[in-house]
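The values are calculated or read from the model by the stated rules, or taken from the named source; none is laboratory data. A quick note: this is a predicted structure, and the numbers were derived from the prediction, not measured. When we count neighbours, we look across all protein chains shown, and the Cβ atoms used for this are built from the backbone with ideal geometry, even at glycine.
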Amino acid sequence: MALCSCPYAQALTVPLTDCLDSGSFHGPRWRMEPGDLFIPVDSIEEEATLTCDTKGIPPPQYRWSLNGTLINLGLDRRRRLSGGNLIISSLDRYQDVGTYQCMAFNTVGAILSRRASLQFAYLDHFRVHTRSAVSVREGQGVVLLCGTPTSSGDLNYAWVFNEYPYFVQQDNRRFVSQQTGNLYIAKVEPSDVGNYTCVVMNSITKGKVHSSPTALILRTDGVMGEYEPKIEVNFPDNVPAAKGSTVTLECFALGNPVPEITWKRANGVPFPSKVKMKYSNAVLEIPSFQQDDTGGYECVAENRMGKNTATGRLAFYAKPQWIQAVKDTALAIEERLYWECRANGKPKPSYTWLKNELTFQNRNRDGVLSVSALTLSDAGMYQCVAENKHGVIYFAAELMVLASPPDFTGNVLRALLKAKAGTTVTLECKPQAYPVASILWKKGNLPIHTNARITLSPDGTLRLANVSKSDAGSYTCFARNRFGMSSTTGRLLVTDPTRITQGPADTEIIVGESIVLPCQVASDPVLDVSFSWAFNGQLITKGDSHFELVGGVSAAGDLMIRNIQLYHAGKYICVVDTDVESLSAVAVLIVKGPPSPPDSVTVEEVTDSTAQLAWTHGRDNGSPITSYFIQTRTPFTVGWQRVNTVPEVIDGNTLTATVVDLNAWVEYEFRVLAKNSVGVGEPSSVSVRTRTEDAVPDVAPGNVGGGGGRRSELVITWEPVPEELQNGESFGYIIAFRAFGEVSWTHVATSAPGASRYVYRNDSIAPFSPFHVKVGTYNSKGQGPFSPVVTIYSAETGEGPSGMPAGVWARSVSASEIEVNWQALSFSPERVLGYEVVYWEDDTKPETMGKVRVPWNQTMGTVSGLAGNTQFFLTVSAFNTAGTGPFLPAFNVTTKKPPPAQPPMNIEWTLIGSTLSLYWEPVVAMESESEVTGYQVSLTRRRHKEVNTLTTTNSTAELTLPEEEDNYIIHIQTLSEGGLGPASDPIRVHKLSKLAPAAVNVGVINRDFKE
């Protein structure tokens, strides 16, 4: 238990933790102190409140003093307390004015508040009397006196000229002093004649009073001559100014001509920018007054007759302000107290100390309070008081004097302390004791003495160096002072050192691979071992899916890194922590990956078929770059394509290459890829789009042919040259042709680059006459090559074959196909190129019409892709290049019903040796479907891509699989007049199923398993 002194109550014995932390007693602490009040007299019927609020345990009580005399609130009916606030009613300007101070106290001590003044603001009326007229000459200066009535509070002055609201406007000739209230006219003019009234306003009460008017008249005995300035408004020789205040100096002179006012500092230093001049320089205003603003100031009034000066000095003062305060302190009995508080101010503050509101006799000076040996009676509330003639400030602190026997609460020895053999063990003995306790250590029952290995510090700490198993045992610390004794005991266990038996090693690895970094230890069985890993100085946490601690036993903390990326390269540290030590092992992991993209790809020189590229290295990502290759893209290609270069193979040290075999007059984009031993990296950024130079075409049109058309026409066709092969602008074609036997060619040009057909029309052309034809190209650079010469024929007579096929018949082959047969034309004066079958559903559905053509030597055609169980109309005719001949009358055929839409289901299979037996549920056709006539079983060998089929009329089948190992896929489909039905879900037989010939494998198809 601790003894805490309470000066305002009987000394009590309370727990030591209460004394030090949040105990039973706390002295008063200010929450709110009283402030100055300035109350208008016309509101004295209201109440005035001076605030005073503190916190403390027990709750503080309050007393107030006025002008240093304690207020007896029990006998005062106008004053009362509300909490700590002093409320004054029925205010009296004579009795209540003065300086107030609040004192808060409880059983711990007492403190005084700051001093607060209560003043009353008022403004009396002017004495009512008739003021004498003021008679002056024109040009003379004059002062009209205001005669301010008695007042309290700041005043503002103004003058009314003749009648309200015409106020005198201040300028270089007229000035109203806010110090005296008088009106100054430097040089009277005839316009100044009239009545003047002084108006005074109290800035606190807002009250306003008017003087009697003063008449200003001109004398008739002449005009005042010129004279030198006479300063009527100036400032005192010494003007005290508070720090941070706004200082106003006035200076005004009478004179003829009107004097000009200027200001300067005595030291010649220019005014800072904050200084302001007002009212034609009659007022000098210095805001936020500081030490630098002190010194002499001079006002100069000057006209052509002379000048006059007024001087004064601004003196800086500042109320005290704390720069070093004291803090609440708890000290043991007999200890030394040293407190020091400091404040700045001008003049320099003096210091006094209060204890529980009373002056404390202190031999020290300059804010120092020192007590050499504390007693319980020294406890209480102390205040440092700093004071100069401009103000006084208080700072409070509580002194708690403690007396207690030793107490180990919260600071006992660990019940079990583990230490590694060979290390130094420190056992601290730090009881709370006031005064400080003497310390004795024992191991078991034997006192401990110092030697080469054992050290006892003055603060009670025991140090055992180079501990061994023999140092293990029970250790007790005994603490004693004059108030009692206490002890604490703990046991020391000495363990064998922990060793890392397998740590991580420096390793190189490829991106995407996984690795386990080992970390295994051998340790004393009594120790708890934990593992952690750091990567590049950062602890690895469980949130990263790439990392996982593996090992499964307490002696292993291996780290698995999955799917390693380039950013996983770096230093890995395995940290092993036990109760007594921490070990670590370090490994550097080098991650190799494909190179990073090359940078800064530029196209430096371009021709019609080449482009020279340059680039800079990207990162090699742990493996040197071995080569580069280049890809290109144009508006005519799908995706990126590798291109030929010079050199053909670009080694890893080369940063430039020439791309060859480009097409002329095509816009290209380029990118570069780097390769190393790991693989090919990501491509570089795309280069700026660049167009190759133009060139003469070097490609001729392909597939030149023709024929057909109308009578007397030669139709020539070709495949247009793609835009990317046109090599330049103004691309076109040159068509050349000549009749058989002629030598000269007829040339025709067309400027349409997309043209693919030219028709030459001439009545002299005989039907079906042979011609030699070739087509060439040209562009703005010149003429390109011609295609090889081909032979085509002119148009025939202009009509299709005149005959019709005979013996036409047709049949439905399946639900989607119709087979049509006919007899070839036995004779036709026109050439027959082939036969055309036209079919349709009915005349109301033109979108169902289609046609099939076959060569002249075939007499059968198949129409496929038809709807099942549907009637189709068909007809047949012969055709040549001039058109089709007459059609046979239409006939109709109905396609067969479609096969069942339901595939075989519920398939079961067994495999015994190489024999595979299949069983399935029979498929029943719907009324709108073809009847099932059987089933087709398809067997696919995955390795050889072979497909074998077997048909059966039953819902079972037996297959013999080849002896060699393979994977097999089996489908089953229905057979019907409508064709093959949909296939069943695949049956998969794996090679593992055949490894044991004697085994029986049974399976049921899983419909959720898709191929």
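Structural remarks
- Against the numbered list (1) over 30 Å from Gly422 (Cα atoms); (2) aromatic (Phe, Trp, Tyr); (3) not assigned by TED's automatic domain parsing to the domain that holds Tyr434, Trp533 comes up short only at (1).
- Hits in the range 449-471 (condition: crowded, with 17+ Cβ neighbours inside 10 Å and free of Cβ contacts under 8 Å to residues at least 40 places away in the same chain): Gly460, Leu462
- Candidates in the range 540-564 are the residues that are in a loop (DSSP other than H, G, I, E, B) and touching a Lys or Arg at 6+ places or on another chain (Cβ under 8 Å); of these, the one that is surrounded by the fewest Cβ atoms within 10 Å (Cβ to Cβ) is Ser545.
- Any hit, the range 466-476, residues being touching a Cys at 6+ places or on another chain (Cβ under 8 Å) and not basic (Lys, Arg): no
- Applying the criterion of being in a strand (DSSP E or B) and surrounded by fewer than 18 Cβ atoms within 10 Å (Cβ to Cβ) to the residues of the range 108-135, the residue that is farthest from the chain's Cα centre (by Cα) is Ser135.
- Filtered residue count, the range 259-304, keeping only those that are among the acidic types (Asp, Glu) and farther than 13 Å from Val247 by Cα: 4
- If only residues of the range 80-101 that are within 21 Å of Glu357 (Cβ to Cβ) and within 54 Å of the chain's Cα centre (by Cα) are counted, the one that is surrounded by the most Cβ atoms within 10 Å (Cβ to Cβ) is Gly84.
- Criterion (of a type in the set (Ser, Thr, Tyr), within 30 Å of Pro767 (Cβ to Cβ), not in a loop (DSSP other than H, G, I, E, B) and not assigned by TED's automatic domain parsing to the domain that holds Arg711) met by exactly one of Thr862, Thr875: Thr875
Per-residue answers, yes or no, for (1) at pLDDT 95 or above; (2) of a type in the set (Asp, Glu):
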| position | (1), (2) |
| --- | --- |
| Gly147 | no, no |
| Thr150 | no, no |
| Val160 | yes, no |
| Glu163 | no, yes |
| Tyr184 | yes, no |
| Ser191 | no, no |
| Cys198 | yes, no |
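- For the range 705-755, the set of residues classified as of a type in the set (Ser, Thr, Tyr) and under 30 Å from Ser609 (Cα atoms) consists of Thr717, Ser730, Tyr733, Thr750, Ser751, listed by residue number.
- The range 219-252 - residue that is assigned to a loop (DSSP other than H, G, I, E, B) and within 60 Å of the chain's Cα centre (by Cα) and, of those, nearest to Gln170 (Cα to Cα): Thr246
- The range 517-539, residues that are surrounded by fewer than 14 Cβ atoms within 10 Å (Cβ to Cβ) and β-branched (Val, Ile, Thr): Val526
- Taking the numbered list (1) in contact with a helix residue (DSSP H, G or I) (Cβ under 9 Å, 6 or more places away or on another chain); (2) closer than 29 Å to Ala433 by Cβ; (3) of a type outside the set (A, V, I, L, M, F, W, C) in turn, Asn356 passes all entries but (1).
- Output for the range 59-78, where each listed residue is surrounded by fewer than 13 Cβ atoms within 10 Å (Cβ to Cβ) and part of a loop (DSSP other than H, G, I, E, B): Pro59, Asn67, Gly68, Asn72, Gly74, Leu75, Asp76, Arg77
- Given (1) outside any strand (DSSP E or B); (2) in contact (Cβ under 8 Å) with a residue 24 or more places away in the chain; (3) not β-branched (Val, Ile, Thr), number of the condition Gly255 does not satisfy: (1)
- Val659 being more than 41 Å from the chain's Cα centre (by Cα), more than 29 Å from Pro788 (Cβ to Cβ), in the same structural domain as Gly622 (by TED's automatic domain parsing) and not acidic (Asp, Glu): yes
- Qualifying residue in the range 706-717 (condition: modelled with pLDDT of 90 or more and under 21 Å from Val666 (Cβ atoms)): no
Yes or no, residue by residue, for (1) assigned to a loop (DSSP other than H, G, I, E, B); (2) modelled with pLDDT of 90 or more:
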{"site": "Ile393", "(1), (2)": "no, yes"}
{"site": "Glu398", "(1), (2)": "no, yes"}
{"site": "Leu402", "(1), (2)": "no, yes"}
{"site": "Gly410", "(1), (2)": "yes, no"}
{"site": "Ala419", "(1), (2)": "no, yes"}
{"site": "Cys429", "(1), (2)": "yes, yes"}
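- Matching strands (runs of 3 or more DSSP E) fully within the range 438-498 where at least 1 residues are over 56 Å from the mean Cα position of the chain (by Cα) and at pLDDT below 95: 438-443, 454-456, 473-481, 484-495
- Filtered residue count, the range 878-889, keeping only those that are surrounded by fewer than 17 Cβ atoms within 10 Å (Cβ to Cβ) and assigned to a loop (DSSP other than H, G, I, E, B): 4
- Flag for Ala587 being in contact with an Asp or Glu (Cβ under 6 Å, 6 or more places away or on another chain), outside any loop (DSSP other than H, G, I, E, B) and either touching a residue at least 24 places away in the same chain (Cβ under 8 Å) or closer than 30 Å to Ala556 by Cβ (or both): yes
- Unique residue being surrounded by 18 or more Cβ atoms within 10 Å (Cβ to Cβ) and touching a Lys or Arg at 6+ places or on another chain (Cβ under 9 Å) when the list is Val601, Val588, Val606: Val601
- Candidate set from the range 346-365 (those that are in contact with a Phe, Trp or Tyr (Cβ under 7 Å, 6 or more places away or on another chain) and in a strand (DSSP E or B)); member that is nearest to Asn388 (Cα to Cα): Lys346
- Contact map, the range 137-149: residues that are over 23 Å from Pro257 (Cα atoms) paired with residues that are assigned to a loop (DSSP other than H, G, I, E, B) and of a type in the set (Asp, Glu), Cβ distance under 9 Å, separation 6+ or inter-chain. Pairs shown: Pro149/Asp124.
- Take the conditions (1) more than 11 Å from Thr974 (Cβ to Cβ); (2) aromatic (Phe, Trp, Tyr); (3) touching a Ser or Thr at 6+ places or on another chain (Cβ under 7 Å); Phe891 misses just one of them, which is (3).
- Only strands (runs of 3 or more DSSP E) whose full extent lies in the range 271-345 are considered here, and the ones with at least 1 residues that are closer than 27 Å to Ala186 by Cα, of a type in the set (Phe, Trp, Tyr) and in contact (Cβ under 8 Å) with a residue 40 or more places away in the chain are 295-303.
- Taking the conditions (1) surrounded by fewer than 19 Cβ atoms within 10 Å (Cβ to Cβ); (2) touching a residue at least 24 places away in the same chain (Cβ under 8 Å); (3) in a loop (DSSP other than H, G, I, E, B) in turn, Pro504 satisfies each one other than (1).
- Members of the range 235-259 found to be surrounded by fewer than 17 Cβ atoms within 10 Å (Cβ to Cβ) and under 30 Å from Arg137 (Cβ atoms), listed by number: Pro257
- When every residue of the range 178-185 is checked against the conditions, at least one turns out to be over 60 Å from the mean Cα position of the chain (by Cα), closer than 30 Å to Leu37 by Cβ and among the polar types (S, T, N, Q).
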